[in-house]
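Asker: One structure follows; several queries about it will come next.
The values are calculated or read from the model by the stated rules, or taken from the named source; none is laboratory data. None of the values given here were measured: they were computed from a predicted structure. In this analysis, Cβ positions are derived from the backbone assuming ideal geometry, glycine residues included, and neighbour counts consider all displayed protein chains. We work out accessible area using only protein heavy atoms, side chains counted, and drop any ligands, DNA or RNA first. Shrake-Rupley method; radii C 1.70, N 1.55, O 1.52, S 1.80 Å.
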Amino acid sequence: MSSSKLTLVAPATGIVTLLSDVPDPVFAGGTLGEGIALDPLEPVLHAPCDGEVVQCAKTRHALTLKTEQGVEVLIHLGLDTVELQGQGIELNVAVGQQVKTGEPLCRFDPELLAERARSLITPLVVTDDAGWRLRLEANATGGYVERGAALMSLTPAAASVAATTERTGPWQERRVTLALEAGLHARPAARVRAIVKRHDAEVRLVHGDAEARGDSVSALMNLGLAESSEVVLHARGDDTQAVLAAIAELLTTPEGAEPQQEAAMPASVAEGEFAGLVASPGLAIGPLVTVSLPLPAVPYDGRGEAVEREDLRAALEGVGRSLENAREQAERQGQRAEADIFEAHLAWLDDPGLLESATARIEAGRSAGQAWREALDDEAEQLRATGNALLAGRVADLRDLQRHVMAEFAEAGVAPLPDVPEGAILVADDLSPSQFVALAERGPAGLCLKAGGTTSHVAILARARGIPCLVAMGEALEDVSGERAVLDAHAGRLEPAPDEARLAAVREALRRDAELREAERAEAFEPAVTRDGREIEVAANIGDSSEARLAAESGADGVGLMRSEFLFLGRDTAPDEAEQRHEYQTSLTALGGKPVIIRTLDIGADKQLPYLRLPEVPNPALGVRGVRLWHDQPALLDTQLHALLGVVPLDALHIMVPMVSEVGELAWVRERLEAVAVERGLTERPRLGAMVEVPSAALCAANLAEQADFLSIGTNDLTQYALAMDREDSRLAARADVLHPGVLRLIQATVEGAAGRCPVGVCGAAAGDPLAASLLVAMGVDELSVEPARVAAIKAMIRWLDAASLARELPDLLAMPDAASVRRRLAEIHESVSDTTTTTPERIPS
Ligand code: PEP
Ligand code: MG
């Protein structure tokens, strides 16, 4: 009799990693199935469960066990280990053998693998769940585990019926020769299965006497197909032609020719679709339009051949040095993929053909910068014209290098952005906040960025405008096109070619979304009171006075953060006192007497002002930014304080100081504020508060609260600094989560330190995330400030929340090992409460 629960245990002592964090999109995206991964600290992998060995790769790096319940579990030693062709790996088992949990399966040479394989991270994936439901155990949320520790459990899904893939009708066949250099290993096998699952067809692959079902990864791998193997594809069902064509194309296209995604992606996507992290939730339909960002502006004409030649030589030398440093650093840190990219850039830089082409242009009278630009344009065009996907994929590298060298000759000034049609889904490498603002004016339906993070300033701006946005989508987006693409920024997926049924479903979801928004908006102007009677102010974050109007229209109880630096971005000089006052006054007037918190200029890190000419520093996020800037630029602060103190009514104005790390900084600004107020002959003073964005400010909140009229927690920076995870680094974006218990403890310290001294708000992105926001309220914050487009939804969530009852869960949540566990638990709590209430708040998928 088969039991009703199946437990999969750690095959070795090691460090557990979530499958979504594995740096391989096929595993991370769930194409092979759900599971977990482990970085083994011992050289033997043991059976994670009882079962029969049903597949062993010839290259010994992967094997599959089938349990008596029919569940298939793939154990894949390391990443890209297929390329080792079995070197350094010894199998202890063979196909057909029965094994017991804990029996050794294979032994490997850790030194050889550490040196030769991309990674030792070993995914453990349920490739066929036989209708059972998988759950990760507490040990599987990350960190050290002993061999044998329970990682996953499977239970029969309630009313699950294993889907039958058998079809009727005549078989059709197609013969192909495998072009996959590493043979039909786990990754392409998973892709074959994904193709089969998307089609209404039954598929078999036949090689000699061996036959495999197309929807069984283990059977496909067991065929042992190597490069140049002949295989016959058989299919029957309604989609026979389409499925044969798709599999044939996959098997006859060399693996390197496909776009590869580097970053771990959160969503599982089908072939032809792209995954990304949700920076601003929502749905959109529209044509995909790639935005090529303007290159640095360089002079067109040269100042004489000799001068320009020498300038080009010096620029190439400078860029070469910085690339070499970057390459060495990447290598030291074991980041082989990055080191390879720098290596490739260095090779282009040394390319005699490119140099010759640039020199010829200098001889024709161009400046060095312009000559380099034209030479690389030419080369890029030639690569594209080859039609070879692999070569065309190198165009992005070439563009990077073009920009890099041209920046050496850049003139100050802002290059204009290209025109884009209204209603398009824009695709770009990355955008600066000012580029985003300019593009947002054109009314895009959505935005897809190859780079970026979920708390980057572009993400913040996108949420403010309710523009669906995915970030960290990787280089695979190069050359993407589609006339009616779907951007699903709930599920983290871009679908360039959805079928009619999908389009209709998305249109219907957009219609329902609009209805829900409408219902929330109807109550948006009412106060937000929790079910246990706490009134929470829901204010809006804005960048300029035009957004103040949006804030007023959204029903916000005020402005909780006006990022004044947005007035200073994207221009050649700082706005003067009159211009600033006009913006601040317009914002106050728009809010009609409700409180408006204006933050003093927060420049530095990702927000740079070229005209301030700040020195380049190795780590700008830890450099002179926010309030620290005032010591070097006191006139800038005085002008801003004068502009602020010129508004009426002063009792609606609150001034907030960013990046405070010690109380003396706030005292210093108060002194300056006092001096300016006296100078202006004012009797009234605005309230002055501090942002809590640096761990030291959170830990010393009581001191700060003695000096401050209010505190506002900037969870974006607080998360970045507490976790040492750059908010702009797309590879860390999924983990830089405010719900990390470490960050939550800092928030708790802030609330406790300020208790009885001054109110505490939150103005980081967490305030607009319903899951996180509910916890913030339960922790005791008095105000949430969110993008105007989110005010109504957050107010709806607060009305649904019983803060006192959620507060009782706090000790358990704070004791959890990581953000993912807290997020999961919070989602469960929300769900269980929703089951007992009639209204459900909107939730942003994590
Ligand atoms: C924050 O850090 O959370 C914050 C609100 O400030 P910004 O995002 O502008 O850095
Ligand atoms: Mg900040």
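Asker: If you check ALA755 against the conditions, is it within 27 Å of the chain's Cα centre (by Cα) and in contact (Cβ under 8 Å) with a residue 24 or more places away in the chain?
Answerer: Taking the combined requirement at face value, the residue does not satisfy it.
Asker: A further question follows. List every residue pair whose Cβ atoms lie under 6 Å apart, where the two residues are 6 or more positions apart in sequence or sit on different chains, the first residue falls within region 333-354 and is assigned by TED's automatic domain parsing to the domain that holds GLN402, and the second residue, located anywhere, is at pLDDT 65 or above and surrounded by fewer than 16 Cβ atoms within 10 Å (Cβ to Cβ).
Answerer: ALA339/GLU331; LEU349/GLY320
Asker: Hey, another quick one. Could you list, ordered by first residue, the pairs with Cβ atoms under 9 Å in which the first is in region 599-617 and over 18 Å from GLN580 (Cα atoms) and the second is among the β-branched types (Val, Ile, Thr) and in a loop (DSSP other than H, G, I, E, B), at least 6 apart or interchain?
Answerer: Matching pairs, first to second residue: GLY604/VAL624; PRO610/VAL414; LEU614/ILE603; LEU614/VAL624; PRO615/VAL624; VAL617/VAL624.
Asker: Which residue is most open to solvent (accessible area, probe 1.4 Å), if the candidates are limited to region 752-782 and must be more than 16 Å from ASN716 (Cα to Cα) and small (Gly, Ala, Ser)?
Answerer: For region 752-782, the residue satisfying everything is GLY756.
Asker: Taking region 647-696 only, how many residues are within 16 Å of ligand 2 (Cβ to nearest atom), assigned to a helix (DSSP H, G or I) and under 25 Å from ASP557 (Cβ atoms)?
Answerer: So the count comes out to 1.
Asker: So, in region 499-531, how many residues would count as being touching a Leu at 6+ places or on another chain (Cβ under 8 Å) and of a type in the set (Asp, Glu)?
Answerer: Step one: filter region 499-531 for residues touching a Leu at 6+ places or on another chain (Cβ under 8 Å), giving 506, 509-510, 513, 530-531.
Filter again for of a type in the set (Asp, Glu), leaving 513.
Qualifying residue count for the region: 1.
Asker: Which residue, of ALA697, ALA701, ALA677, is open to solvent by less than 10 Å² (accessible area, probe 1.4 Å), more than 16 Å from ligand 1 (Cβ to nearest atom) and of a type outside the set (Lys, Arg)? It would help to see each step written out before you state the result.
Answerer: Numbers: ALA697 fails: more than 16 Å from ligand 1 (Cβ to nearest atom); ALA701 fails: more than 16 Å from ligand 1 (Cβ to nearest atom).
The match here is ALA677.
Asker: Say whether the condition of being within 14 Å of ligand 2 (Cβ to nearest atom), over 23 Å from the mean Cα position of the chain (by Cα) and in the same structural domain as LEU629 (by TED's automatic domain parsing) is met by at least one residue in region 727-735.
Answerer: From region 727-735, those within 14 Å of ligand 2 (Cβ to nearest atom) are 727-728; that's our starting set.
Remaining after also requiring over 23 Å from the mean Cα position of the chain (by Cα): none.
No, there is no match, as no residue in region 727-735 is within 14 Å of ligand 2 (Cβ to nearest atom), over 23 Å from the mean Cα position of the chain (by Cα) and in the same structural domain as LEU629 (by TED's automatic domain parsing).
Asker: Follow-up question, since we're still on this one. Which members of region 40-66 meet the condition of being more than 20 Å from GLN87 (Cβ to Cβ) and of a type in the set (Asp, Glu)?
Answerer: Selection gives ASP50, GLU52.
Every residue, every condition in (1) open to solvent by 50 Å² or more (accessible area, probe 1.4 Å); (2) farther than 19 Å from ALA459 by Cα; (3) assigned by TED's automatic domain parsing to the domain that holds GLN608; (4) in contact with a Ser or Thr (Cβ under 9 Å, 6 or more places away or on another chain), yes or no:
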| residue | (1), (2), (3), (4) |
| --- | --- |
| ARG484 | yes, yes, no, no |
| SER545 | no, yes, yes, yes |
| ALA551 | no, no, yes, yes |
| PHE566 | no, no, yes, yes |
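Asker: Another one. Only one of MET656, MET725 is out of contact with any helix residue (DSSP H, G or I) (no Cβ under 7 Å at 6 or more places or on another chain), open to solvent by 10 Å² or more (accessible area, probe 1.4 Å) and within 16 Å of ligand 1 (Cβ to nearest atom); which? First the steps, then the outcome.
Answerer: Details: MET656 fails: open to solvent by 10 Å² or more (accessible area, probe 1.4 Å).
None of the other options fit; the residue is MET725.
Asker: Inside region 86-128, counting only strands (runs of 3 or more DSSP E) that do not spill past its ends, which hold 2 or more residues that are under 33 Å from the mean Cα position of the chain (by Cα), surrounded by 15 or more Cβ atoms within 10 Å (Cβ to Cβ) and assigned by TED's automatic domain parsing to the domain that holds ASP39? Step through it out loud before you land on a result.
Answerer: Values: elements: 89-91, 104-108, 122-128.
Because the criterion is at least 2 residues that are under 33 Å from the mean Cα position of the chain (by Cα), surrounded by 15 or more Cβ atoms within 10 Å (Cβ to Cβ) and assigned by TED's automatic domain parsing to the domain that holds ASP39, the strands (runs of 3 or more DSSP E) in region 86-128 that meet it are 122-128.
Asker: In addition: Is at least one residue of region 605-621 within 26 Å of ASN703 (Cα to Cα) and in contact with a strand residue (DSSP E or B) (Cβ under 7 Å, 6 or more places away or on another chain)? Show your work before the answer.
Answerer: The initial filter retains those residues of region 605-621 that are within 26 Å of ASN703 (Cα to Cα), namely 621.
Applying the additional criterion that residues be in contact with a strand residue (DSSP E or B) (Cβ under 7 Å, 6 or more places away or on another chain) yields none.
No.
Asker: Then there is this: So, in region 697-726, exactly how many residues are within 11 Å of ligand 2 (Cβ to nearest atom) and either of a type in the set (Val, Ile, Thr) or over 27 Å from the mean Cα position of the chain (by Cα) (or both)? Write out each step before concluding.
Answerer: Looking only at region 697-726, we keep the residues that are within 11 Å of ligand 2 (Cβ to nearest atom), and these are 712-721.
Among the residues that remain, those that are also either of a type in the set (Val, Ile, Thr) or over 27 Å from the mean Cα position of the chain (by Cα) (or both) are: 713, 715, 719.
The number of residues fulfilling the criteria is 3.
Asker: Could you check region 192-237 and list, in sequence order, the residues that are outside any strand (DSSP E or B) and open to solvent by 40 Å² or more (accessible area, probe 1.4 Å)?
Answerer: Restricting attention to region 192-237, the residues satisfying the condition of being outside any strand (DSSP E or B) are 192-200, 208-209, 214-229.
Answer for region 192-237, where residues must be outside any strand (DSSP E or B) and open to solvent by 40 Å² or more (accessible area, probe 1.4 Å): LYS197, ARG198, ASP200, GLY208, ASP209, ASN222, ALA226, GLU227, SER228.
Asker: Of the conditions (1) within 14 Å of ligand 1 (Cβ to nearest atom); (2) open to solvent by 10 Å² or more (accessible area, probe 1.4 Å); (3) over 22 Å from the mean Cα position of the chain (by Cα), SER785 clears all except one; give me its number.
Answerer: If we test SER785 against (1) within 14 Å of ligand 1 (Cβ to nearest atom); (2) open to solvent by 10 Å² or more (accessible area, probe 1.4 Å); (3) over 22 Å from the mean Cα position of the chain (by Cα), just (2) comes out false.
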